[in-house]
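**Student:** The following block contains the structure, expressed as structure tokens.
Read-outs: derived from the displayed coordinates by stated rules, not from any lab. Everything numeric in this text was worked out from a predicted model, so none of it was measured. Backbone-built Cβ (ideal geometry, glycine too); neighbour counts: all protein chains shown.
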């Protein structure tokens, strides 16, 4: 059924947009982690490849499955696991790694996931520290810049999420949730491009929305990048002040 040997399955979890109330089945991938007791053997990889192909051929959601098969020992570590087997778009691949590893672990810590099988994710995945989260956020910013022309709608929504996260220090938010926040809190000149990105995500964009995205997405990238850096500096300053106060209280007690 699972494509794994009976004794090799530890847990299965969905995360990302599907774990939030505003999830739209027609939009976005279905992100998953499957935890195994040991690395997959050749027979299991072959069986899983058949399973992914079959799901993609028979069901609309099948081609949206996008996730990693992670050995339990690797999942317990803070370091980003490398050379993972992963499934995407109906096919199996090798040599993968999750660049948002720290962000996903923080989602698990905040219960922003769906448990399909196994123990609670917080019992397995260690919580990410802010240094790890910050590095992952900047990798997301680099990727948003890379695809700003080819997938401008995705970049705009993820930029909203980056600005929100560094402003609030809350990682567990969906792209649509961050877009709603941005429409309320960011300058009104950016509302058209954010709304167009939301419509493109939902599959309701028209020619006017595509024109707005072509014209303004790169400008929004510049604005959001400045905001990300400014909020990061403010966050770092608050953390330093907090660390100083904690240190002072410790010295006082002595």
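**Student:** Evaluate E = 1/(1 + (r/R0)^6) for residue 168 and residue 26, where r is the Cβ-Cβ distance and R0 equals 25 Å; express this FRET efficiency to the nearest 0.05. Walk me through the numbers on the way to the answer.
**Tutor:** On the way: r = 29 Å, r/R0 = 1.14.
Working from the Cβ atoms, E equals 0.30.
**Student:** Pairs of Cα atoms under 8 Å, at least six residues apart: use those to get the relative contact order of the chain, whole percent.
**Tutor:** Numbers: 384 pairs, mean separation 40.4, N = 254.
That works out to 16 percent.
**Student:** Tell me, in nm to one decimal, what length is gained between residue 57 and residue 236 on full extension, where the rule is 0.36 nm per residue of separation less the Cα-Cα distance?
**Tutor:** On the way: separation 179, 0.36 × 179 = 64.44 nm, distance 4.82 nm.
Separation in residues times 0.36 nm, less the Cα-Cα distance, equals 59.6 nm.
**Student:** Hey, another quick one. Roughly how far apart, in whole Å, are the Cα centres of the stretch 108-150 and the stretch 84-102?
**Tutor:** Cα centroid of the stretch 108-150 versus Cα centroid of the stretch 84-102: 14 Å apart.
**Student:** Which FRET efficiency value, to the nearest 0.05, is calculated for residue 114 and residue 206 with the Förster distance at 30 angstrom and r the Cβ-Cβ distance?
**Tutor:** Numbers: r = 33 Å, r/R0 = 1.09.
Efficiency, rounded to the nearest 0.05: 0.35.
**Student:** When the chain is modelled as a GNM with alpha-carbon springs shorter than 10 Å, which of 87, 28, 208 fluctuates the most?
**Tutor:** The residue with the greatest mean-square fluctuation here is 208.
**Student:** Tell me the label only: which of (i) 82, 59, 35; (ii) 54, 43, 36; (iii) 67, 53, 29 is Cα extents along the principal axes in Å as calculated from this structure?
**Tutor:** Here the calculated entry is (iii).
**Student:** Between residue 229 and residue 185, what length comes free when the chain is fully extended (0.36 nm per residue of separation minus the Cα-Cα distance, one decimal in nm)? Show your work: numbers first, answer last.
**Tutor:** Working: separation 44, 0.36 × 44 = 15.84 nm, distance 1.71 nm.
In short, 14.1 nm is gained.
**Student:** Of 121, 43, 109, which is the most mobile in a GNM of the chain whose springs link Cα atoms less than 10 angstrom apart?
**Tutor:** Evaluated over the chain, the most mobile residue of the options is 43.
**Student:** Each label point is 7 Å from the Cα along the Cα-to-Cβ direction; what then is the distance between the points at residue 138 and residue 5, in nm?
**Tutor:** Label at residue 138, label at residue 5, 4.2 nm between them.
**Student:** Which of 202, 184, 219 moves the most in a Gaussian network model of the chain with Cα springs under 10 Å?
**Tutor:** Answer for the Gaussian network model of the chain: 184.
**Student:** Using a simple spin-label model with points 7 Å from Cα along the Cα→Cβ vector, what separation in nm is obtained for residue 218 and residue 78?
**Tutor:** Distance between the two pseudo-spin positions: 4.0 nm.
**Student:** Fewest to most neighbouring Cβ within 10 Å: what's the order for 89, 52, 15? Walk me through the numbers on the way to the answer.
**Tutor:** Values: 89 13, 52 20, 15 23.
Ordered from fewest to most neighbouring Cβ atoms within 10 Å, 89, 52, 15 come out as 89, 52, 15.
**Student:** Another question, if that's okay. Rounded to the nearest 500, what is the 222 nm mean residue ellipticity of the chain from helices alone, with -39500 (n - 2.57) per DSSP H run of 4+ residues and division by all residues?
**Tutor:** Numbers: 8 runs with 134 residues, N = 254.
The per-residue figure over the chain is -17500 deg cm²/dmol.
**Student:** Moving to a separate point now. What is the distance, in nm, between label points placed 7 Å from the Cα along the Cα-to-Cβ direction at residue 99 and at residue 46?
**Tutor:** It works out to 3.4 nm between the two label points.
**Student:** How much of the DSSP beta bridge set in the chain is antiparallel, as a percent to the nearest 5?
**Tutor:** Values: 17 of 24 bridges.
If I count the DSSP bridges inside the chain, around 70 percent turn out antiparallel.
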